[in-house]
Amino acid sequence: MALGRAAAGWAARAAGTAPAMHSSAPAGWTRAYAPEPDAPDEAFSAVDEPRPLYEPLLAKLAGHDPDRLVGRIAERLEREQVTFGSLSGLFRLDPVPRLIEAAEWERLEAGLSQRARALDAFAADAYGERRIFSAGLVPDRVLEGSPVYEPRMREIPHPDGRWVHVCGFDVARRVDGDLVVLEDNARTPSGIYYAIVARHVIVDELAVPGIDPRSIDPTLEQLAATFRDASPTKGDGRIAVVTDGPENVAFFEHRAVAEAIGASLVTPADLESARGRLWLRDPRDREPIDVVYRRTDDARLTDDDRALTPLGELLFEPLRSGTLAMVNRFGSGVADDKLSYAYTPAMIRFYLDEEPIVDSIRTYDLAIDEHREEALERIDELVLKPRFGSGGEQVVIGGDADREGLGDARDRIRERPEDFVAQEQISLSTHPCVRGGGLEPRRIDLRPFSYASEGGYAISPGGLTRYAAERGEMIVNSSQGGGAKDTWVLGPR
């Protein structure tokens, strides 16, 4: 499909790239590289020994001056105002794309589609018959007291039957080489449009003979189709992308997606509820809204006292009347609660009668006595995460923490075990990034996306690879100073 109006326009405006430059860097700068000793490296098997998959890419890179290449990419992103973090925070894009072979991708694709189906079934069950709870496979406390569980959503009709329309997954490679899912993101996963930007910038700069990555251009059509299927009219109803505005870290993406799919970009202040419908306040434009794509930081229908939030008050009646659909629904966070993650393999077996295709990381439910005791004893080997945190905040990596940090982690587990989970620590694979005129390893993960479709879930090939800001750091989130890479899935479909 075409990129869509915004993506096509963005690509056209940005197409005037600088001419290729001869490198003034030392000969062989793309091969002089030392992987981290404790992590698998995606591109190199050993010091100065590239993997065969990466040979053509590294040869192409060698014809560029690394500093000039980085500068051209940054200038283009600045020219096109591709920001993350604030209107002045430039999206950080490394020149070296990550490569994934077709066979590995197809297994991951099948596993993520399977996982999305199970998470959606779990959310529907949590607001329905609660069969998995009655079967004793998931404890009731996953819902009890959870700020992301929204009991009032049981009053809302769900004609399309979906709870999780768009899902983002955090995927990493273990030391044994397997790709595993670290976290699920079923509320407002960001990165969809940043992956599109990354693709067009990097391919323009680094077209590599013999390497033809699978296209991600259908992504926006997949997203638009998800909205159409969710619409109460099942047609071309009006879509609104609801944002906090420029203060939201991903506002560039909100604006670009809205333009690309022909949606209205609005803040809650631009909307009003009347006569069981949602409308724009602008008296010159009184067409009702059929689908809301919520990208605000406030993900809740109700507050801690179960009173409607300001956004909840605005949307609740149109949702209850069945005239408005929401992507993703209020309450879908029950599927990405980090405690829910501990039970995802059980969900796959229970709802789908299948074995998980892609592994999860062993996760400790700290409200279980034996899990808590083991976590307290092995905290220096584990990762402690708040159940409802995001962006790497309040995460304690036991292997990197000092005595005071470990003591604080133990105190949190003892005082509020229900608010945290502990996970086995994995090293994360590394990938070469351009630094100081050469290549240095950085830890990475992958953020691929699934989109609800008539037959299940479509997975865009690749996604956004994220890298840590500094050598040795384990947290790759952009909100913690990390950056991104294009991700090329190789081989024919």
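For Arg372, are the conditions met, namely being of a type in the set (Lys, Arg), closer than 27 Å to Ala401 by Cβ and either surrounded by fewer than 16 Cβ atoms within 10 Å (Cβ to Cβ) or in contact with a Ser or Thr (Cβ under 7 Å, 6 or more places away or on another chain) (or both)?
no
Could you run through segment 120-167 and say how many residues are over 21 Å from Glu418 (Cβ atoms), of a type outside the set (D, E, K, R) and under 22 Å from the mean Cα position of the chain (by Cα)?
Summing the residues that are over 21 Å from Glu418 (Cβ atoms), of a type outside the set (D, E, K, R) and under 22 Å from the mean Cα position of the chain (by Cα) in segment 120-167 gives 7.
Going through segment 416-436 one residue at a time, which ones are small (Gly, Ala, Ser), more than 19 Å from Tyr54 (Cβ to Cβ) and in a loop (DSSP other than H, G, I, E, B)?
Across segment 416-436, the qualifying residues are Ser427, Gly436.
With the condition kept exactly as written, say whether any residue in segment 68-89 is within 24 Å of Ala172 (Cβ to Cβ) and among the charged types (D, E, K, R).
For segment 68-89, residues within 24 Å of Ala172 (Cβ to Cβ) and among the charged types (D, E, K, R): absent.
Working carefully through the options Pro139, Pro151, find the one that is surrounded by fewer than 16 Cβ atoms within 10 Å (Cβ to Cβ), of a type outside the set (Ser, Thr, Tyr) and within 22 Å of Phe330 (Cβ to Cβ).
Step by step, each of Pro139, Pro151 is checked, and only Pro151 is surrounded by fewer than 16 Cβ atoms within 10 Å (Cβ to Cβ), of a type outside the set (Ser, Thr, Tyr) and within 22 Å of Phe330 (Cβ to Cβ).
Name the one entry in Ala256, Ala240, Ala225, Ala230 that is of a type outside the set (S, T, N, Q) and over 21 Å from His158 (Cβ atoms).
It is Ala256.
Among the residues that make up segment 280-303, is at least one of them within 29 Å of the chain's Cα centre (by Cα) and over 26 Å from Leu223 (Cβ atoms)?
yes
Any residue at all in segment 80-90 that is of a type in the set (Val, Ile, Thr), assigned to a loop (DSSP other than H, G, I, E, B) and crowded, with 19+ Cβ neighbours inside 10 Å?
Checked against the condition, which is being of a type in the set (Val, Ile, Thr), assigned to a loop (DSSP other than H, G, I, E, B) and crowded, with 19+ Cβ neighbours inside 10 Å, segment 80-90 yields at least one hit.
Of these, Pro432, Pro417, Pro441, which one is over 16 Å from Val96 (Cβ atoms), buried (at least 17 other Cβ atoms within 10 Å of the Cβ) and touching a residue at least 24 places away in the same chain (Cβ under 8 Å)?
Pro417
Just checking, does segment 101-118 include any residue being assigned to a loop (DSSP other than H, G, I, E, B), surrounded by 19 or more Cβ atoms within 10 Å (Cβ to Cβ) and in contact (Cβ under 8 Å) with a residue 12 or more places away in the chain?
no
In segment 310-326, which residues are over 15 Å from Pro288 (Cβ atoms) and buried (at least 17 other Cβ atoms within 10 Å of the Cβ)?
Leu311, Gly312, Phe316
Given the structure, is Glu150 touching a Ser or Thr at 6+ places or on another chain (Cβ under 9 Å), at pLDDT 95 or above, of a type in the set (Asp, Glu) and over 22 Å from Gly455 (Cβ atoms)?
yes
Only one of (1) in a loop (DSSP other than H, G, I, E, B); (2) touching a strand residue (DSSP E or B) at 6+ places or on another chain (Cβ under 8 Å) is not met by Arg300, so which one is it?
Of the numbered conditions (1) in a loop (DSSP other than H, G, I, E, B); (2) touching a strand residue (DSSP E or B) at 6+ places or on another chain (Cβ under 8 Å), the odd one out for Arg300 is (2).
Can you list residue pairs whose Cβ atoms sit under 7 Å apart, with the first residue in segment 264-277 being within 11 Å of Ala240 (Cα to Cα) and the second being of a type in the set (Gly, Ala, Ser)? Count only pairs 6 or more apart in sequence or on different chains.
Ser264/Ala240; Ser264/Ala258; Leu265/Ala258; Val266/Ala240; Thr267/Gly245
Considering only residues that are at pLDDT 85 or above and either among the charged types (D, E, K, R) or more than 29 Å from Glu473 (Cβ to Cβ) (or both), which ones fall in segment 11-51?
Arg31, Glu36, Asp38, Asp41, Glu42, Asp48, Glu49, Arg51, listed by residue number.
Contact list please: Cβ distance under 8 Å, first residue in segment 187-211 and among the acidic types (Asp, Glu), second residue modelled with pLDDT under 90, pairs at least six apart or on different chains.
Matching pairs, first to second residue: Asp204/Ala14; Asp204/Ala15; Asp204/Thr17; Glu205/Thr17.
Within segment 338-370, work out how many residues are in contact (Cβ under 8 Å) with a residue 24 or more places away in the chain and either assigned to a helix (DSSP H, G or I) or within 19 Å of the chain's Cα centre (by Cα) (or both).
Final tally of qualifying residues: 16.
Between a residue in segment 247-260 that is in a loop (DSSP other than H, G, I, E, B) and any residue that is of a type in the set (Gly, Ala, Ser) and buried (at least 19 other Cβ atoms within 10 Å of the Cβ), which pairs come within a Cβ distance under 7 Å, given they are 6 or more apart or on different chains?
Close Cβ pairs (under 7 Å, with a partner that is of a type in the set (Gly, Ala, Ser) and buried (at least 19 other Cβ atoms within 10 Å of the Cβ)) amount to Ala250/Ser190.
The values are calculated or read from the model by the stated rules, or taken from the named source; none is laboratory data. Every value quoted in this text rests on a predicted model; they were computed, and no experiment measured them. No Cβ is skipped: glycine too gets one built from the backbone with ideal geometry, and neighbour counts run over all protein chains shown.
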